[in-house]
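The values are calculated or read from the model by the stated rules, or taken from the named source; none is laboratory data. Everything numeric here is computed off the predicted structure, so don't read it as measured data. Counting neighbours? That spans all protein chains shown, and the Cβs are built from the backbone with ideal geometry, glycine included.
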Amino acid sequence: MSNATILKPKPMTVLSGTNTLSGYAAANAANDYMGVVWKAQSAGSALQWIIVDMGADVAVDTVVLLGLTGALSTWTLRIDAATQAQGSGFGAGTFHQYASVPLLAGSAATSSARGRAYWEAPAGGPAAARYFRIVIDTLVNNTAITIARVVLGTRIRPTRNFDFGAVFGLRDTGLADFSRRGVLLRTRGMKLRSVGLSFNSLYRDEVESFIHPLIEKVGGTGPIALILDPDAHAQRQNRIWFGPLTGDLGTIWARANAGFQWQANIVDLESFAGDA
């Protein structure tokens, strides 16, 4: 198992999406409401894409896609990047095209049954770019796609892995109680996955350069992406969380240099109903 990967979404503006269905604007892929999605209707080519603007040339080495309703294991993902000087037109010879990879991060389905994608930039691309085109190839013409959230950023990967004792849980928004006569009173709600990781041997420069700035920017309301293990695996979709940090947001300086401790607790924003 490799180190857990942490990703803070960089600010972006969605410029356009192919064949956008009325009521499901491409801009929806930049908000944190998993039920407010972008849908490309089944019209035209097997290739569907969304173009995002980072506002300036910035470094991006990781992309996560969430809420891929109906995505199939045969679909592929390609990332195209263009600098500010090259522009957002993505004309021939004006951008860098990365190699295609399988769209879904793993073959095992998520609890929500909505797919997730994970992409790391291979060597050879631009150090920074402003415009990114996220291309999904469905392999069959006239195929609709759905994306709930596009996350682009620069990954944080601590030198030392999290300690074992990781906690996997569930946030149930429903309520169960009993009447005065002992009758079960139940209000069903949606369920949210949660995870808690303990990093007990972080280096001081990692904490000062990455962890503290991350905490200070997102606080307890801004989301981050956490990939428990980014290596290729059938379960990798289920190893991706996207949501706010909860609990104590600080770190503890317990020992010299490599003795910083941080408890990262996240509640995933993509809900599911569970059993009725």
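Some values worked out for this structure:
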| item | result |
| --- | --- |
| Hits in region 63-74 (condition: surrounded by fewer than 21 Cβ atoms within 10 Å (Cβ to Cβ), of a type in the set (Val, Ile, Thr) and in contact with a Leu (Cβ under 9 Å, 6 or more places away or on another chain)) | THR74 |
| Lone qualifier among TRP241, TRP253 - being part of a strand (DSSP E or B) and surrounded by 20 or more Cβ atoms within 10 Å (Cβ to Cβ) | TRP241 |
| Of residues in region 184-227 being part of a loop (DSSP other than H, G, I, E, B) and within 27 Å of SER112 (Cβ to Cβ), the one farthest from the chain's Cα centre (by Cα) | ARG188 |
| Spans of strands (runs of 3 or more DSSP E) in region 1-48 with at least 2 residues within 15 Å of ARG149 (Cα to Cα) and modelled with pLDDT of 95 or more | 13-17, 38-40 |
| Among (1) farther than 28 Å from ALA273 by Cα; (2) in contact (Cβ under 8 Å) with a residue 24 or more places away in the chain; (3) assigned to a loop (DSSP other than H, G, I, E, B), the one test that PRO230 misses | (1) |
| Within region 7-18, considering residues that are surrounded by fewer than 18 Cβ atoms within 10 Å (Cβ to Cβ) and touching a residue at least 60 places away in the same chain (Cβ under 8 Å), the one farthest from THR138 (Cα to Cα) | LYS10 |
| Residue within region 139-149 that is closer than 25 Å to ILE215 by Cα, modelled with pLDDT of 95 or more and either among the polar types (S, T, N, Q) or in contact with a helix residue (DSSP H, G or I) (Cβ under 8 Å, 6 or more places away or on another chain) (or both) present | yes |
| Residues satisfying the stated conditions in region 83-126, i.e. touching a strand residue (DSSP E or B) at 6+ places or on another chain (Cβ under 6 Å) and on the phi > 0 side of the Ramachandran plot | PHE90 |
| Selection from region 175-224 of residues that are within 15 Å of GLY259 (Cα to Cα) and charged (D, E, K, R) | ARG204, ASP205, GLU206, GLU208 |
| Considering residues of region 72-110 that are more than 19 Å from the chain's Cα centre (by Cα) and of a type in the set (A, V, I, L, M, F, W, C) only, the residue nearest to TYR131 (Cα to Cα) | ALA82 |
| Residue check for TRP49: among the aromatic types (Phe, Trp, Tyr) and in contact with a helix residue (DSSP H, G or I) (Cβ under 7 Å, 6 or more places away or on another chain) | no |
| Members of region 78-117 that are closer than 23 Å to ARG239 by Cβ, at pLDDT 95 or above and hydroxyl-bearing (Ser, Thr, Tyr) | TYR98, SER100, SER107 |
| Counted residues, region 163-220 - those being in contact (Cβ under 8 Å) with a residue 24 or more places away in the chain, touching a Gly at 6+ places or on another chain (Cβ under 6 Å) and β-branched (Val, Ile, Thr) | 2 |
| Subset tally (residues that are under 22 Å from GLN84 (Cα atoms) and among the charged types (D, E, K, R)) for region 126-154 | 2 |
| Any hit, region 79-93, residues being farther than 24 Å from SER45 by Cβ and outside any loop (DSSP other than H, G, I, E, B) | no |
